[in-house]
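Accompanying notes for the structure given below.
The values are calculated or read from the model by the stated rules, or taken from the named source; none is laboratory data. Owing to the predicted nature of the structure, the values given are computational and were not obtained by experimental measurement. FYI the Cβ positions are ideal-geometry reconstructions off the backbone, even for glycines, and counts take in every protein chain you see.
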Amino acid sequence: MVKNITVIAGDGIGPEIVAEARKVLDAVAAKYGHEFVYTDVLMGGASIDKYGVPLTDETIEKAKSADAVLMGSIGGDANTSPWYKLPPEKRPEAGLLGIRKALNLFANLRPAMLYPELYKACPLKEEVAEAGFDMLIMRELTGGLYFGARSTEEKNGEMVATDTLVYSESEIRRIAIKAFEVAMKRRKSVISVDKANVLDSSRLWRKIVNEVAADYPEVTVSHMLVDNAAMQLVKDPAQFDVVLTENMFGDILSDEASMITGSIGMLPSASLNDTKFGLYEPSGGSAPDIAGKGIANPIATILSAAMMLRFSFDMDAEADAIEGAVKKVLSEGYRTGDILGADATGLTKVGTAAMGDLIAERI
C-alpha cells in the first residue's frame, strides 16, 4: 500500500525527532510491504526564515493533498528568538493555529499512559504510580478562547485586553461524537471537563455532551469541573479513560497529564478532521536549548507516527508493532536523558538516533 505523507520537520529538535520517526516508519514499510512517500515542507520559524511568514499557501495545499501530515515541534525561545519580535500573527505558533484551521482539525487526541517500566519515573506517590494509568484527552482544537475575537485598546485612560470565548452547538457536538466513538474502542468511559458553575459556554457544552451520550448507551458519562480535574489527575489518574474538554482546558490538562508519565517526550498527539485525515505531532515543544545535541527523546514522535498508521491508514497491526517495539526497548532498560531516573543503575542512557535505531530494529 502506498501512502503519501507531508512532513513538517519544524524548529528546534523537530528535525531530529522527525528523522527517527521516519526511520521507524521505513522499518514498518519494509516489513509489511508498504511504501511511504514523504513530501517535506516548512512551517513555523523555519518558514519565517525562508518566506517571511509562518505558514504558506503551498504548505497548506501540500498538506491537503497528502493522506496525513507528520510534524515535529514548532517555535523557539520566546525570550531570545527574533521570531518573537514579530507581530503575533507572524510568529511560529500562528502557523500552527493556521494549519489546524485550514485543515479543519477540530479533534486533538493526546494519549497519556504510564508504562510499567517507567512507574519509578512518575513524580506521583509510589502507590499511585504503581496503579498505572492509560487515558486519552480529547481536546477541541479550533474553537474557544484561542480563536475568539480579541483586542487590546485604551479605555478610560488605561489599557484593556479582551479575549472572547465562543462555542457553537455544532462545534461541541462533533467533538463529543469523536470522544464517544473513541471511548467505544477503549474502556467505554467519558469524563467531560468544563466550568459549568461559571461559564455559559460550559453550560452549553454539558447540555450537548449529555445529548450525544444518549446515542452511546454502552458508554458511561460523567462531568467534572476543570479545577477538580486538575487535582484528580495527580491524585488518582487511573480513574480516567477518555477525557473530553474544550480548547484551553485541554491544552492545560494534557500538559499536566504528560508530566506524570515521567517525561513530556513520551507523549504523542493526533489532530483529526471529520475524515480519516490527520496531523500527527509530539505533545512537547521545540526545546531549542537542546537542539542539535542529539539528546532529544524521539519516542513521542515515533508514537505519533503509530497513531497515524492506526487512525488515518487503518494499519492497526503496524501501529501495534511500533508500540510493542517502544515497550520492548523500555523494558530492556534504554532511556533518553529526559526520562526521570535515566541515570539509575541498570539502565542505559542513549541519544536520539540510538533510540530510533533500537525501536526500528525491534519492529
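Of the listed requirements (1) among the β-branched types (Val, Ile, Thr); (2) under 25 Å from Thr6 (Cα atoms); (3) not in a loop (DSSP other than H, G, I, E, B), Val329 misses just one: (2). Filtered by the rule that a residue be among the small types (Gly, Ala, Ser) and under 17 Å from the mean Cα position of the chain (by Cα), the range 297-325 gives Ala300, Ser304, Ala305, Ala306, Ser312, Ala319. Comparison of Leu86, Leu97 shows that the only residue that is closer than 30 Å to Ile260 by Cβ, assigned by TED's automatic domain parsing to the domain that holds Glu332 and of a type in the set (A, V, I, L, M) is Leu97. The residue pairs whose first member lies in the range 337-357 and is of a type in the set (D, E, K, R), whose second member is in a loop (DSSP other than H, G, I, E, B) and modelled with pLDDT under 85, and whose beta carbons are closer than 7 Å, counting only pairs six or more residues apart or on different chains, are Asp338/Ser263; Lys349/Ala342; Lys349/Asp343.
Residue-by-condition table, conditions (1) more than 29 Å from Phe36 (Cα to Cα); (2) in contact with a Cys (Cβ under 6 Å, 6 or more places away or on another chain); (3) surrounded by 18 or more Cβ atoms within 10 Å (Cβ to Cβ):
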residue: Asn247; (1), (2), (3): yes, no, yes
residue: Gly250; (1), (2), (3): yes, no, yes
residue: Ala270; (1), (2), (3): no, no, yes
residue: Gly278; (1), (2), (3): no, no, yes
residue: Pro282; (1), (2), (3): no, no, yes
residue: Thr301; (1), (2), (3): no, no, yes
residue: Val329; (1), (2), (3): no, no, yes
residue: Asp343; (1), (2), (3): yes, no, no
residue: Val350; (1), (2), (3): no, no, yes
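Taken as a whole, the range 33-45 holds at least one residue that is at positive phi and assigned by TED's automatic domain parsing to the domain that holds Leu303. Whenever a residue of the range 210-236 is on the phi < 0 side of the Ramachandran plot and polar (S, T, N, Q), its partners that are surrounded by fewer than 17 Cβ atoms within 10 Å (Cβ to Cβ) and in a loop (DSSP other than H, G, I, E, B), lying with C-beta atoms within less than 8 angstrom and at least six residues away or across chains, give the pairs Thr220/Lys188.
Just to check your reading of the model, which residue among Thr142, Thr152 is in the same structural domain as Ala238 (by TED's automatic domain parsing) and in contact with a Leu (Cβ under 8 Å, 6 or more places away or on another chain)? Steps first, answer last, please.
On the way: Thr152 fails: in contact with a Leu (Cβ under 8 Å, 6 or more places away or on another chain).
Being in the same structural domain as Ala238 (by TED's automatic domain parsing) and in contact with a Leu (Cβ under 8 Å, 6 or more places away or on another chain) holds for just one of Thr142, Thr152, which is Thr142.
Count of the range 281-319 residues, restricted to those that are under 16 Å from Ala270 (Cα atoms) and either in contact (Cβ under 8 Å) with a residue 12 or more places away in the chain or touching a Ser or Thr at 6+ places or on another chain (Cβ under 6 Å) (or both), is 23.
Let's see how each residue does on (1) touching a Leu at 6+ places or on another chain (Cβ under 8 Å); (2) of a type in the set (Val, Ile, Thr); (3) in a loop (DSSP other than H, G, I, E, B):
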{"site": "Lys3", "(1), (2), (3)": "no, no, no"}
{"site": "Gly12", "(1), (2), (3)": "no, no, yes"}
{"site": "Ile17", "(1), (2), (3)": "no, yes, no"}
{"site": "Arg22", "(1), (2), (3)": "yes, no, no"}
{"site": "Val28", "(1), (2), (3)": "yes, yes, no"}
{"site": "Lys31", "(1), (2), (3)": "no, no, no"}
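I'd like to check something: does the range 153-170 contain any residue that is surrounded by 12 or more Cβ atoms within 10 Å (Cβ to Cβ) and either on the phi > 0 side of the Ramachandran plot or out of contact with any Gly (no Cβ under 9 Å at 6 or more places or on another chain) (or both)? The answer is yes, given that some residue of the range 153-170 is surrounded by 12 or more Cβ atoms within 10 Å (Cβ to Cβ) and either on the phi > 0 side of the Ramachandran plot or out of contact with any Gly (no Cβ under 9 Å at 6 or more places or on another chain) (or both).
Here Arg91 fulfils each of the conditions (1) of a type outside the set (Val, Ile, Thr); (2) buried (at least 19 other Cβ atoms within 10 Å of the Cβ); (3) under 16 Å from Glu281 (Cβ atoms) apart from (3). Among residues of the range 157-180 that are modelled with pLDDT of 95 or more, those with a beta-carbon under 7 Å from a residue that is of a type in the set (Asp, Glu) and buried (at least 17 other Cβ atoms within 10 Å of the Cβ) at least six positions away or on a different chain give the pairs Tyr167/Glu246; Glu171/Glu140; Ile175/Glu140.
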